[in-house]
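The values are calculated or read from the model by the stated rules, or taken from the named source; none is laboratory data. Because the structure is a prediction, the values reported are computed rather than measured. Glycine also receives a Cβ, built like all others from the backbone with ideal geometry; neighbour counts cover every protein chain displayed.
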Amino acid sequence: MTDADGDLRRYLRRIGVEDRPPATSVFDPGGAPAALESHLDQSAHLMLSLKISMACWIVASETATRAKIAAARRHGVFTSAGGGPYEIAVAQGALADYLVLCAGVGLEGIECGHGFTEGTLAPDDVVRMAADHGLSVDFELGNKHGGPFTDEVVGELIEEGKQWLAAGARRLVVEARESGQGIGCFDDSGRLLAEHAERLAEALGLETLVFEAPTKPNQFAFLNHFGPAVQLGNVRLDELLRVEIYRRRIHSDAFLQPRLRPPSPTSAIAGRG
């Protein structure tokens with residue numbers, strides 16, 4: 001934020017809303033560069049990172065793709081590629097070329113996983129190869145077609161996550177696709193399977209995990225359960241502000257949530273005048 005935003009920040013502090021570090025990873029599903037730049041102008045200070053999602057950036061005009069990534073860099077927002085192109089590159093024996101491409105257009109990281117393909121590379125090798133091109137690695141936990149997590153699956157994901165963190169992965173992303181229903185930490189009705197989310201957080205660290213939360217119920221459920229520190233991903237650019245007012249308990253549905261309650265303001269309006 002700039003000095004021009006001082007009045008807004010002072011008011012938030014006045015009502016007990018503290019400054020918070022960015023905790024939401026947004027994704028660009030293939031919108032126009034001008035639209036992305038407008039979102040960055042408005043909300044870059046709230047973005048944990050920007051995922052240039054799916055494979056849209058590869059088939060779009062290269063000039064447009066580079067413009068998007070350059071705009072994010074100017075605003076100080078970390079950029080990474082979504083996991084789908086990585087999986088296809090590995091399956092097609094083109095990972096080395098893919099890493100050259102990602103670094104060449106200015107991306108700072110890649111998302112890895114085997115959500116719809118068979119993983120065949122060791123974490124140490126992938127992280128090393130990415131680092132050779134100046135790229136960091138996030139690893140996605142979960143299968144895109146595997147349904148809701150079970151106790152057994154969560155145990156396997158914890159061990160897999162530990163291996164990737166030991167290899168040098170930056171963060172772990174918990175799969176939820178674009179539906180947020182019948183997958184990962186959500187049952188077929190979209191209800192949060194809190195016990196599974198808790199196990200992952202306890203074993204791997206809440207600060208290490210980014211829980212994909214593509215829908216409003218997903219987003220609110222994670223914030224209600226974990227509180228404002230939880231990191232959310234797969235949030236659309238035009239939904240970021242809604243997530244952040246909920247995170248700060250200045251959304252009507254969040255105001256009475258105990259885990260989101262801000263500290264009492266230092267002074268009260270009552271008695272003035």
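Couple of notes before you dig in:
- Selection from segment 26-38 of residues that are surrounded by fewer than 22 Cβ atoms within 10 Å (Cβ to Cβ), assigned to a strand (DSSP E or B) and either touching a Phe, Trp or Tyr at 6+ places or on another chain (Cβ under 9 Å) or modelled with pLDDT of 95 or more (or both): none
- Criterion (under 18 Å from the mean Cα position of the chain (by Cα) and among the β-branched types (Val, Ile, Thr)) met by exactly one of Ile110, Ile88: Ile110
- Whichever residue in segment 135-150 is assigned to a loop (DSSP other than H, G, I, E, B) and more than 17 Å from Glu87 (Cα to Cα) and, among such residues, is modelled with the lowest pLDDT: Gly147
- Taking the criterion of being touching a Ser or Thr at 6+ places or on another chain (Cβ under 9 Å) and among the β-branched types (Val, Ile, Thr), the only residue of segment 180-211 that qualifies is Val210.
- From the options Ser43, Ser38, Ser25, residue that is small (Gly, Ala, Ser), under 19 Å from Arg242 (Cβ atoms) and without any contact (Cβ under 8 Å) to a residue 60 or more places away in the chain: Ser38
- Matching residues, segment 179-189, being surrounded by fewer than 16 Cβ atoms within 10 Å (Cβ to Cβ) and within 12 Å of Ala213 (Cβ to Cβ): Ser179
- Within segment 73-98, the set of residues being in contact with a helix residue (DSSP H, G or I) (Cβ under 6 Å, 6 or more places away or on another chain) and either more than 30 Å from Leu40 (Cα to Cα) or aliphatic (A, V, I, L, M) (or both) comprises Val77, Ala81, Ala89, Leu95.
- Tally, over segment 192-207, of residues that are surrounded by fewer than 20 Cβ atoms within 10 Å (Cβ to Cβ) and in a helix (DSSP H, G or I): 7
- Total residues in segment 102-128, condition of a type outside the set (S, T, N, Q) and either surrounded by fewer than 17 Cβ atoms within 10 Å (Cβ to Cβ) or without any contact (Cβ under 8 Å) to a residue 12 or more places away in the chain (or both): 11
- Of the residues making up segment 198-224, those that are touching a strand residue (DSSP E or B) at 6+ places or on another chain (Cβ under 7 Å) and over 16 Å from Thr24 (Cα atoms) number 3.
- Close Cβ contacts (under 6 Å, 6 or more residues apart or on different chains) running from residues in segment 247-258 that are within 21 Å of Arg13 (Cβ to Cβ) to residues that are modelled with pLDDT under 90 and assigned to a helix (DSSP H, G or I) comprise Arg249/Leu260; Ala254/Leu260.
- Residue in segment 173-187 that is in a loop (DSSP other than H, G, I, E, B) and among the polar types (S, T, N, Q) present: yes
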